[in-house]
1. Which residues, taken from the range 321-352, are over 20 Å from Thr273 (Cβ atoms) and assigned to a loop (DSSP other than H, G, I, E, B)?
2. What are the pairs with Cβ atoms under 7 angstrom where one residue, in the range 94-107, is farther than 17 Å from Gly62 by Cα and in contact (Cβ under 8 Å) with a residue 60 or more places away in the chain and the other, located anywhere, is not in a helix (DSSP H, G or I) and not acidic (Asp, Glu)? Sequence gap at least six, or different chains.
3. When you look at Gly325, is it under 25 Å from Ser194 (Cβ atoms) and of a type outside the set (A, V, I, L, M, F, W, C), yes or no?
4. Restricting to the range 390-404, count the residues that are crowded, with 16+ Cβ neighbours inside 10 Å and either more than 23 Å from Thr348 (Cα to Cα) or in contact with a His (Cβ under 9 Å, 6 or more places away or on another chain) (or both).
5. Can you name the number of the only condition in (1) in a helix (DSSP H, G or I); (2) touching a residue at least 24 places away in the same chain (Cβ under 8 Å); (3) under 25 Å from Gly315 (Cα atoms); (4) not assigned by TED's automatic domain parsing to the domain that holds Leu196 that Tyr365 fails?
6. Can you spot a residue in the range 301-313 that is of a type in the set (Val, Ile, Thr), assigned by TED's automatic domain parsing to the domain that holds Lys193, touching a residue at least 24 places away in the same chain (Cβ under 8 Å) and over 21 Å from Pro189 (Cα atoms)?
7. What's the number of the condition Leu399 fails, among (1) assigned by TED's automatic domain parsing to the domain that holds Arg229; (2) more than 29 Å from Arg228 (Cα to Cα)?
Amino acid sequence: MGVVSRPIVAIVGRPNVGKSALFNRLVGRPLAIVEDLPGTTRDRMFADLSFQGRDLTVVDTGGFEARPASSLAEKVQSQLDMAMAEADGIILAVDIQEGLMPGDQEMAERLRRHGKPVVVAANKSDHPRHDSLAAEFYRLGMGEPVAVSAFHDRGITDLMERVSSNLPPTEVSAPEILADIKIAIAGRPNVGKSLLLNSFLGTQRAIVDEQPGTTRDAVDTVLVYGDRRLLLIDTAGLRKRGRIEPGVEKYSALRSIRAIARSDVVLLVIDATEPDTIQDWHIAGYIQQALKGMVVVVNKWDLAQGVDRLELTQGLQRRLRFMPGTPVLFTSALLGQRVGEVLPQVITVYEERNKRVPDQVLDAYIKEAVASHNLPRSGKKEFALFKVSQVGVNPPTFLFVVNDARMVNFSYRRFLVNRLRELFGFAGTPLRFIFQDRGE
């Protein structure tokens with residue numbers, strides 16, 4: 001049985017019903033711009049969250065308009081349909097203080113055509129006396145509405161319990177392809193991802209076109225490489241939020257995030273003629289947040305004019321200081337130059353991700369490092385480390401048993417990460433740290 005790593009939940013509704021405020025409340029930080037003007041949200045935003053042990057991706061969408069008044073509004077409606085088609089579950093946000101509006105009913109009718117599970121969130125119920133007003137939204141035919149206030153954090157847990165119960169089961173019938181290493185090929189559109197895949201395979205398996213965004217869905221291909229079975233996942237190109245073109249490409253970005261989540265190691269392909277863009281580092285951030293290994297492939301090197309390889313390598317590695325030791329390779333997939341170096345580097349990073357340090361050695365070396373460094377303090381209380389052990393691989397995961405986990409600040413955590421890497425390597429992969437108070 002295969003596994004759905006992160007079901008997608010889309011928040012939809014009329015303009016100015018509080019979709020972005022609800023999105024921000026769910027993900028716990030202000031990612032979407034929230035204003036009182038209708039139509040603020042133009043491009044879709046998505047973020048990962050975990051609710052009661054279940055991982056989800058939540059998508060904020062533009063406001064529904066039955067009769068869009070401009071070409072931009074028409075594109076927003078097209079994107080909204082794409083979000084509903086791609087989502088596994090829907091939150092229909094309505095304004096409890098305005099009451100049931102014709103746009104809510106038209107939105108509900110559109111949702112019925114998609115056939116996805118829907119929960120109605122009657123937002124702006126800022127006081128318990130407002131909750132009874134939610135009953136009016138039974139008329140949408142979407143089941144019992146949930147009275148919530150995104151602004152005041154009311155009813156959010158009840159809402160998410162309903163949403164989670166409606167999502168498909170974790171396992172799906174389609175089997176996951178058996179492979180030793182799963183490799184996602186990610187990057188901005190038109191950097192040569194599909195051509196790189198074809199170079200690995202020695203045959204044209206993926207469509208290659210000069211038009212950006214030719215690859216819409218993640219495409220899986222198995223390659224037997226030496227004694228290993230590699231699963232190569234060619235993803236749709238990712239653009240920076242605000243630069244993704246309307247239509248299919250917006251939601252192929254969500255599929256790319258899913259592909260990264262499925263992988264062990266990600267090839268971040270960047271364009272040698274434009275080698276340091278914000279979009280590249282957004283994707284690197286996705287990879288790091290997902291705790292995946294990474295190899296940077298600077299493609300189209302045959303087209304780079306006047307670029308110093310050493311300077312570029314050092315600049316990229318400075319950008320990737322959160323994952324020191326990440327390999328940087330220079331290729332021309334079109335000409336086949338140095339493509340043969342890529343998969344061996346992937347295997348090296350994968351082996352680093354699966355490295356296990358004996359607990360006795362790990363504990364002794366880390367305690368020695370801690371003893372030589374200033375310890376965090378809280379008032380008269382000083383931080384104490386009792387035990388370190390490696391509790392997982394792929395990604396490497398370490399458990400620190402301490403006297404007070406709250407004392408571990410960002411700076412001290414970075415010190416521990418750097419010291420552990422100096423001692424044991426783990427190049428090209430994020431590390432997961434768990435701090436636990438003794439006795440828990």
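1. Arg321, Phe322, Met323, Pro324, Gly325, Thr326, Pro327
2. Here the result reads Met101/Arg14, each pair linking the range 94-107 to a residue that is not in a helix (DSSP H, G or I) and not acidic (Asp, Glu).
3. Here the answer is no, as Gly325 does not meet what is asked.
4. Adding up the residues that qualify gives 4.
5. (3)
6. Looking through the range 301-313, at least one residue is of a type in the set (Val, Ile, Thr), assigned by TED's automatic domain parsing to the domain that holds Lys193, touching a residue at least 24 places away in the same chain (Cβ under 8 Å) and over 21 Å from Pro189 (Cα atoms).
7. Among (1) assigned by TED's automatic domain parsing to the domain that holds Arg229; (2) more than 29 Å from Arg228 (Cα to Cα), Leu399 violates only (1).
Residue-by-condition table, conditions (1) part of a strand (DSSP E or B); (2) of a type in the set (Gly, Ala, Ser); (3) at pLDDT below 95:
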| residue | (1), (2), (3) |
| --- | --- |
| Leu56 | yes, no, yes |
| Gly63 | no, yes, yes |
| Gln79 | no, no, yes |
| Gln105 | no, no, yes |
| Arg110 | no, no, yes |
| Phe137 | no, no, no |
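The values are calculated or read from the model by the stated rules, or taken from the named source; none is laboratory data. The structure displayed is predicted, hence computed values, not measured ones. Methodologically, a virtual Cβ is constructed for each residue, glycine included, from the backbone with ideal geometry; neighbour enumeration extends over all protein chains shown.
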